[in-house]
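Q: Sharing a structure, written as structure tokens. Questions coming.
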Amino acid sequence: MNQSPQIASASTSVNADVPQLSLGVDTEKAEQLGFVSIEIFCRSGCIYRVYVQGEANVRDEPDDIAWLSLLNAGSETVPLAEFVEVPFATSAKSIPHFDLCRSVVVIARASPGVSAGQAQAAITAMIEEALPAGYDVGWTGAFYQ
């Protein structure tokens, strides 16, 4: 947006380069190992946060998940490493919401001589060109009024 002649400046607080770990569960492998379903993490369509506690020295590294085990339907101890991967990924540290939808807040200022309506139209056109179908633009503050 900052390259547009209609926009003097635009910024956002969203940074999608924050490193994080993602937990990938191979549900087929989990079922082969005797887990009835993946209800460990998801029940009735709702995903629950799972907190694993342990001393700091046994949870310092992502590979430490290999040492955690669960009991399967046959009461056998199965290491999580048998059906779980913990790859590194990047994402936003936090994701704001607008009208209950995940959103990105952009603060923009129109260039001198450009009306608010012209700047709004330029921003909308840039967003529609850059994002895939299914995304929408919402306005707050002076633009909304």
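Q: Looking only at strands (runs of 3 or more DSSP E) that fall completely inside the range 52-145, which ones have 2 or more residues that are among the acidic types (Asp, Glu) and modelled with pLDDT under 85?
A: Values: elements: 69-71, 77-79, 88-91, 106-110.
Those strands (runs of 3 or more DSSP E) do not exist here; none qualify.
Q: If you go through the range 98-105 one residue at a time, do you hit one that is open to solvent by less than 40 Å² (accessible area, probe 1.4 Å) and not aromatic (Phe, Trp, Tyr)? Step through it out loud before you land on a result.
A: Of all residues in the range 98-105, those open to solvent by less than 40 Å² (accessible area, probe 1.4 Å) come to 103.
Then keep just the ones that are not aromatic (Phe, Trp, Tyr); that gives 103.
Yes - at least one qualifying residue is present in the range 98-105.
Q: Hey, another quick one. Can you report the number of residues in the range 122-138 which are open to solvent by 50 Å² or more (accessible area, probe 1.4 Å) and either in contact with a strand residue (DSSP E or B) (Cβ under 6 Å, 6 or more places away or on another chain) or in contact (Cβ under 8 Å) with a residue 40 or more places away in the chain (or both)?
A: So in the range 122-138, the residues open to solvent by 50 Å² or more (accessible area, probe 1.4 Å) come out as 125-126, 128-136.
Narrowing further to those that are either in contact with a strand residue (DSSP E or B) (Cβ under 6 Å, 6 or more places away or on another chain) or in contact (Cβ under 8 Å) with a residue 40 or more places away in the chain (or both): 126.
So the count comes out to 1.
Q: Please pick out the residue among Ser91, Ser103, Ser115 that is of a type in the set (Ser, Thr, Tyr) and closer than 29 Å to Thr27 by Cβ. Steps first, answer last, please.
A: On the way: Ser103 fails: closer than 29 Å to Thr27 by Cβ; Ser115 fails: closer than 29 Å to Thr27 by Cβ.
Going through Ser91, Ser103, Ser115 in turn, the sole match is Ser91.
Q: May I pose another question? What number of residues in the range 112-145 are farther than 17 Å from Asn2 by Cβ and in contact with a helix residue (DSSP H, G or I) (Cβ under 6 Å, 6 or more places away or on another chain)?
A: Here the count works out to 2.
Q: Among the numbered criteria (1) open to solvent by less than 80 Å² (accessible area, probe 1.4 Å); (2) in contact (Cβ under 8 Å) with a residue 24 or more places away in the chain; (3) more than 19 Å from the chain's Cα centre (by Cα), which one does Glu82 miss?
A: All conditions are met except number (1).
Q: Please go through the range 1-37 and give me each residue that is open to solvent by less than 80 Å² (accessible area, probe 1.4 Å), among the polar types (S, T, N, Q), out of contact with any helix residue (DSSP H, G or I) (no Cβ under 8 Å at 6 or more places or on another chain) and closer than 30 Å to Leu70 by Cα, ordered by number.
A: Gln20, Ser22
Q: Can you name the condition, by its number, that Lys93 falls short on among (1) in contact with a helix residue (DSSP H, G or I) (Cβ under 9 Å, 6 or more places away or on another chain); (2) of a type outside the set (Gly, Ala, Ser); (3) closer than 30 Å to Trp67 by Cβ?
A: Result: Lys93 fails condition (1) only.
Q: Quick one: how many residues across the range 5-33 are more than 30 Å from Gln118 (Cα to Cα) and part of a loop (DSSP other than H, G, I, E, B)?
A: Residues flagged as more than 30 Å from Gln118 (Cα to Cα) and part of a loop (DSSP other than H, G, I, E, B) within the range 5-33 amount to 5.
The values are calculated or read from the model by the stated rules, or taken from the named source; none is laboratory data. Quick caveat, the model's predicted, so the values are computed rather than measured. Counting neighbours? That spans all protein chains shown, and the Cβs are built from the backbone with ideal geometry, glycine included. We work out accessible area using only protein heavy atoms, side chains counted, and drop any ligands, DNA or RNA first. Shrake-Rupley method; radii C 1.70, N 1.55, O 1.52, S 1.80 Å.
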